Amino acid sequence: MIISEKNKIMKKIKFGYYGNFSTTHQTEVYIADALERAGHTVYRLDRNNTNLIPCDYVLFAKMSDMVLINKAKKQGIPTISWTFDLWREFLGYNHPHLKADIVITTDSEDKFHTIKQAVHKPEKIMIEGKKIYDVIFVGTSGKLKGIYKKYYKSRRELIKRVKPKVFSNVRGLALNKLLGQTKIVLGDSYPGSCCWSNRVYEMTGRGGFLIHPYIKNLYNYIPQFFRGEEKEMIEYYLEHEKKREKLRKIQFEMCPTYDDRIKELIELLRTINSNN
């Protein structure tokens, strides 16, 4: 009966979500939308807002200090940090958002919980079109700033070797249309065994055929190459259209949405709630 009551409580949750909601393509927007589609209430607040509102959980991606976390602790409101950055290398264990009651990361480690990225469900659509581009790269090709600066060199070298058509700031269904006009999308990510860029989901979940630099534990339906092997792989998939298209559809079908990730989140909260 106790567990049943807890499960009943978990059905409808009020989240105070502190994040970046400035544009429609922000990950926080995708997550908030998915929570609302699942029947939960989301109060969207700016990530710099330290005013605590009545809610069941305080949810955030980034937190520069402990003000809001401490306020929530005093009120007995559990805090959830769901971050998308490579925290172990960039942020370390003393960063404020790793002090939340529940910490969710994308780069798996036993110390915290793991929920990977995904694609926005309303935009998981294949828009077929005439193939205009052989190989493209979607993202910043200029110098990266801040914590990602050290990875610019490897990205620049990859782009220099392959010479793809580079597109930046393509969002929403315009990206789906672009991917439908493209034969091969070149991937790029942070080095590591458990973390990869959201580009993996944005490209495959919007209908692109993705090839990717090798990362241990990356999905086996995404062809991966080691440095210097990318041209050979590109030539192979340009020549073998049927194999490429078959795999493209598999990548699309296998790509999770944030609605799927919200199911993981709610199940995690239910498990934690049942164990307390």
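Here, each number is a calculation from the coordinates, and none is a lab measurement. Treat the numbers as computed from the prediction; the structure is a model and nothing was measured. Glycine gets a Cβ as well: all are built from the backbone with ideal geometry, and neighbour counts include every protein chain shown.
Rank the residues His95, His120 as a footprinting-exposure proxy: fewest other Cβ atoms within 10 Å of their Cβ go first.
His95, His120
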The size of the Cβ-based charge dipole (Lys, Arg +1; Asp, Glu -1) of the chain about the Cα centre, to the nearest 20 debye, is 500
Per the 1/(1 + (r/R0)^6) rule, R0 = 22 Å and r from the Cβ atoms of Ala38 and Gln75, FRET efficiency to 0.05 is 0.35
The extension gain from His95 to Ile266, computed as 0.36 nm times the residue separation minus the Cα-Cα distance, is 59.1 nm
Given 20 °C, 1.002 mPa s and a Kirkwood radius over Cα pairs, the Stokes-Einstein diffusion coefficient of segment 121-254 in µm²/s is 143
Computed, not fitted: 222 nm per-residue ellipticity of the chain from DSSP H runs ≥ 4 (each -39500 (n - 2.57)), nearest 500, equal to -11000 deg cm²/dmol
So, with points 7 Å from each Cα along the Cβ direction, the Thr140-Asn51 label distance in nm works out to 3.2
In nm, the gap between the two label points placed 7 Å beyond Cα toward Cβ at Lys12 and Tyr214 is 5.3
Read-out percent of Cα pairs over 24 Å apart, candidates (1) 66; (2) 53; (3) 49; calculated match is (2)
Length gained, Asn169-Leu238, 0.36 nm per residue minus C-alpha separation, equals 22.3 nm
